[in-house]
Structure formats: structure tokens, C-alpha cells
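The values are calculated or read from the model by the stated rules, or taken from the named source; none is laboratory data. Being a predicted model, the structure only gives us computed values, none of them experimental. Positions of Cβ are generated from backbone atoms using ideal geometry, with glycine treated the same way; all protein chains shown enter the neighbour counts. Heads up: the accessible areas ignore ligands, DNA and RNA and are worked out on the full protein's heavy atoms, side chains in. Shrake-Rupley method; radii C 1.70, N 1.55, O 1.52, S 1.80 Å.
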Amino acid sequence: MSEDQPAAMASLTRVLSCIGPTCGDTIDWGAAERIYGTSFPADYRAFVATFGSGGIEDMVGVFTPTASSAESQMLKVSRLSERALADEGVNRWALVDRGRYRLEDLLIWGGTAAADTLCWITTDPDPDQWPVAVYTRLDLEWTVYPCGMAEFLLKLLRNQWHPWPISDTSLQEDMHPRFLHDKDEAAAYEAGRYPWE
């Protein structure tokens, strides 16, 4: 892992601005850990406390964990579905990563409007050491990034990934990226407003 997580998260809060009245979510992390059978990375917990569940420029979505089996699983942290695990087309990795990882070890924390999947590889017992894996619809394969979620997003928003890690390139030109909580986005649509203008 490259940049330390607190520094990456601190830098991310300077780059990304929350534009709605709702910024951050309160999660019962103990309950979430019991449901998922693991704790979560510190940078992710800090991101959720600061921003919550929502989207960056209507392009990159970040999910929160469920803390109750009664909660809807829609847009929540999850493992890959049984269908995805059984699909040989999903088990394609960039050449350098082939044979190193298993789909069963992936935990989805986000996605993109272009249907890319953003995950952690959860093989290390220390969640702060989990690298990010991205499945792009453009390449139809997984690529591993040796950093945490906050650093991955920070480099994405600073246009520091070469090659670009997601299918859509619209964030490359965005000098002032915005985050909108899912609740505020839903309220805007309900009021008949497009929230990303």
C-alpha cells in the first residue's frame, strides 16, 4: 500500500466537496462487522462518516454496509452474487494479476454509472491492507490497485491514474468534483429537479 490512509482521506476531503444538506452516515460498525464477518478499512469508515452513501459527479457511487438483515441490500456493500461467481467471463484478470486472486475474496464497495465494479480484495486479515480491484465494462477484466479506497478515489479525482481505471473518462476534466448523498439525490428527483446541474 502506498499513501497512508489518514493522509489520503484528509487530502480527499480537500478535493471533494459535499453539496447537499446530508453529509456522512452513522453506521453501527459492530453490527456491520457481525453481518459481514470482518471489520472495515479505517479510510472507508472515515469516508462514510464524512460523506456517506452517494455519488461523485453522478459517475462513481460509494455504498455503505448493511447493519441489519432487514435492510434493503440495494446499493450496499456486498460480495459478488452467486451468478457472477459462476460466470467464467467475470473471472478475468489483468495479465499481471492472473492466478493471484479469487472472486470469492472480493467485497464490493462501489460502482460507476458505466457499470464498473469497485471492490476490495479481502485476503489480508488487516482491512487497512486491502487493495482495490476494479472490473471495467470497457476491458471486461479485473485490475488491482495497491492502495486503499480513499487513495484510489483521490488519485481518480486528481487524474493521477495512467492508464485510467474506469470506463468513463468524464472525471478527468472535472476540477471541482462534488459528492451528493443518496438521500439528497432521491429528494431532488422526487421534487422534479435534476440534482447534478
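Of the set (1) of a type outside the set (Phe, Trp, Tyr); (2) more than 14 Å from Pro127 (Cβ to Cβ); (3) not in a loop (DSSP other than H, G, I, E, B), all apply to Cys23 but (3). Within the group Gly61, Gly20, Gly52, which residue is modelled with pLDDT under 95, in contact with a strand residue (DSSP E or B) (Cβ under 9 Å, 6 or more places away or on another chain), within 19 Å of Asp184 (Cβ to Cβ) and not β-branched (Val, Ile, Thr)? Of the residues listed, the single one that is modelled with pLDDT under 95, in contact with a strand residue (DSSP E or B) (Cβ under 9 Å, 6 or more places away or on another chain), within 19 Å of Asp184 (Cβ to Cβ) and not β-branched (Val, Ile, Thr) is Gly20. Within region 59-68, is even one residue open to solvent by 50 Å² or more (accessible area, probe 1.4 Å) and not aromatic (Phe, Trp, Tyr)? Within region 59-68, none of the residues are open to solvent by 50 Å² or more (accessible area, probe 1.4 Å) and not aromatic (Phe, Trp, Tyr). When region 119-151 is filtered for residues that are under 19 Å from Arg79 (Cβ atoms), aromatic (Phe, Trp, Tyr) and within 13 Å of the chain's Cα centre (by Cα), the ones remaining, listed by number, are Trp120, Trp130, Tyr135. Within the group Asp128, Asp105, which residue is under 20 Å from Pro65 (Cα atoms), of a type in the set (D, E, K, R) and in contact with a Pro (Cβ under 6 Å, 6 or more places away or on another chain)? Result of the check over Asp128, Asp105: Asp128. Candidates are the residues of region 84-128 that are charged (D, E, K, R) and closer than 24 Å to Glu33 by Cβ; the one that is most open to solvent (accessible area, probe 1.4 Å) is Arg102. Does Val134 satisfy the criteria of being in contact with a Leu (Cβ under 8 Å, 6 or more places away or on another chain) and in a strand (DSSP E or B)? It is true that Val134 is in contact with a Leu (Cβ under 8 Å, 6 or more places away or on another chain) and in a strand (DSSP E or B).
Return a yes/no flag: does region 65-75 have any residue that is touching a strand residue (DSSP E or B) at 6+ places or on another chain (Cβ under 6 Å), in contact (Cβ under 8 Å) with a residue 60 or more places away in the chain, within 20 Å of Tyr189 (Cβ to Cβ) and among the aliphatic types (A, V, I, L, M). No, region 65-75 contains no residue that is touching a strand residue (DSSP E or B) at 6+ places or on another chain (Cβ under 6 Å), in contact (Cβ under 8 Å) with a residue 60 or more places away in the chain, within 20 Å of Tyr189 (Cβ to Cβ) and among the aliphatic types (A, V, I, L, M). The residues of region 31-52 that are open to solvent by 10 Å² or more (accessible area, probe 1.4 Å) and part of a loop (DSSP other than H, G, I, E, B), listed by number, are Gly37, Thr38, Ser39.
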